[in-house]
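Notes follow the structure.
Coordinate-derived values only; no laboratory data. This structure is a prediction, so every number in the text was calculated from the model and none was measured. Cβ placement follows ideal geometry from the backbone for every residue including glycine, while neighbour counts extend to all protein chains displayed.
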Ligand code: GLU
Ligand code: ZN
């Protein structure tokens, strides 16, 4: 499929709410395809629906793209040869093209009212006939149009579909043929003059010389319409060629239902807030419909780009699996160098995510504990609970953890552990471990049982990072003081 034409793809979301993972997958496949082929990644904002689009969503989209690391070659803020890249700023272009389509007869004014359309659709359905637009206004004479105008009727602009089947080769799904009765004439401009997605999307793809349209399967049904419109645009000299289309498979969520935008699991913000790394999330999302290799599913974005090929995109629905996403993210956390990991945790270690005062944060202690945290976290937001014992004056007071660890005899064990720890060599975690081991022996307890009350006394929690490294970093004085406080509480 080598071609002389350089690859130009586009990602063209509508700014209508928080970005969702399906959208991110579409952006990723387009971006990776462009980068793989040394092509151009165009970022365009489809904001022609004034009622649903918002400036806030626009800002969120840009912010999401930056966080994900998708650099665009043309688009908002950077411009490019086909600027502007916000459709709300391109209305003159669409009006001009709608006019050309009308003048050349590729489109026509349709005066049917919604009530008339509904009534005829009902009747067609009742008679078992196709229920798309029936072509009533296809052949209106000048007099008929004038009469409608005189009646005060408004009109939309409708594109005239050719009366023949459309066949094209989808890059993912193979050859597709659609019969004309299944794709009837469709609206391209509203009665108030506002151009519709059906017009602006292919017009911009044509003007921006897009070579490959990669998008979700939900848009499959618009493709035959767009191909017909393209043919008209080519006749009019507006378009050069019809792009190739590839429809990415549906993403299924819980209960094997299509993951919907409104599904909380679908929100990109959720993954950002939980502390997914962009590379971890993208690695996971790339597997929704594509595979890297039979025996490897953790890889870097560079590795993905090097291997990305549409021939490996599968048309079967992909299942969104949160556990798998988390496990891949954990692998990416392990792959960071420790400094990068420490920096990536910074947003959670500083207020407002943290449960300690900002001035109590201790950079040296954080750097000492970071390598131990890095081998255990699944998502970065878990860092707070794992290290808060270092920055709080006293550990979190969690009754459930306390009751779980503090048993009959825990006070005696803690007293012995305190003695042994006081006498231990604090320059290595090994000798702290020996101290607790020895205290356990005195009371007939294995290490696991002996360390549980020590852990809760010192960190407030029953689970956490390796205990003896944690004690060493917390320091002798603070460790002993916390054991004293726990003994006092047990005695009260
Ligand atoms: N703005 C459209 C959407 O977000 C883009 C459709 C397309 O990729 O053609 O659904
Ligand atoms: Zn009509």
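Going by the alpha-carbon gyration tensor, a ≥ b ≥ c the square roots of its eigenvalues, is the stretch 417-492 rounded (a/c under 1.5) or, if a/c is not under 1.5, prolate (a/b greater than b/c) versus oblate? In terms of gyration-tensor shape, rounded. With a cut-off of 15 Å, note down the residues of the stretch 128-160 whose backbone N falls inside the zone around a label point 7 Å from the Cα of residue 115 toward its beta carbon. Counting only backbone N, you get 152-154.
Estimate the FRET efficiency between residue 300 and residue 489 by the formula 1/(1 + (r/R0)^6), using the beta-carbon distance for r and 60 Å for R0, to the nearest 0.05. In this case the efficiency is close to 0.80. Helix 410-423: angle to the longest alpha-carbon principal axis of the chain, degrees 0 to 90, nearest 10? Helix 410-423 sits roughly 80 degrees off the main axis of the chain.
Compute the acute angle (0 to 90°) between the alpha-carbon long axis of helix 363-374 and the principal axis of greatest extent of the alpha-carbon atoms of the chain; round to the nearest 10°. That works out to roughly 70 degrees.
Which of 426, 402, 290 has the fewest other C-beta atoms within 10 Å, and how do the rest follow up to the most?
If I rank by nearby Cβ atoms, fewest first, I get 426, 402, 290.
Peptides 228-239, 278-289 ordered by packing proxy, namely the average of other Cβ atoms within 10 Å per residue, highest first: 278-289, 228-239. For a test of the definition: using alpha carbon positions, the gyration tensor, and the 1.5 limit on a/c, classify the stretch 305-403 as rounded, prolate or oblate. It comes out prolate by the Cα gyration axes. Relative to the dominant Cα principal axis of the chain, helix 223-235 is inclined by about 50°. Listing 298, 200, 396 from fewest to most neighbouring C-beta atoms within 10 Å gives 396, 298, 200.
Rank-order 111-117, 366-372 by packing density, defined as the average count of other C-beta atoms within 10 Å over each peptide's residues, highest first. It would help to have the intermediate numbers written out before the result.
Values: 111-117: 13.0, 366-372: 17.1.
The peptides rank, most packed first, as 366-372, 111-117.
Hey, with R₀ at 25 Å, roughly what FRET efficiency would residue 477 and residue 274 work out to, going by the Cβ-Cβ distance, to 0.05?
On the way: r = 35 Å, r/R0 = 1.41.
The calculated FRET efficiency here is 0.10.
For the pair the stretch 370-444 and the stretch 284-339, the centres of their Cα atoms are 37 angstrom apart. With each label modelled as a point 7 angstrom along the Cα→C-beta vector, the residue 146-residue 331 pair spans 7.3 nm. The ranking of 303, 472, 254 from fewest to most other beta carbons within 10 Å of each one's beta carbon is 254, 303, 472. A straight line joining the Cα centroids of the stretch 447-492 and the stretch 117-149 runs 80 Å.
Suppose R0 equals 22 Å; then what is the FRET efficiency for residue 164 and residue 136 from their Cβ-Cβ distance, rounded to the nearest 0.05?
0.60
Placing a pseudo-label 7 Å from each Cα along the Cα-to-Cβ vector at residue 462 and residue 426 gives an inter-label distance of 3.0 nm.
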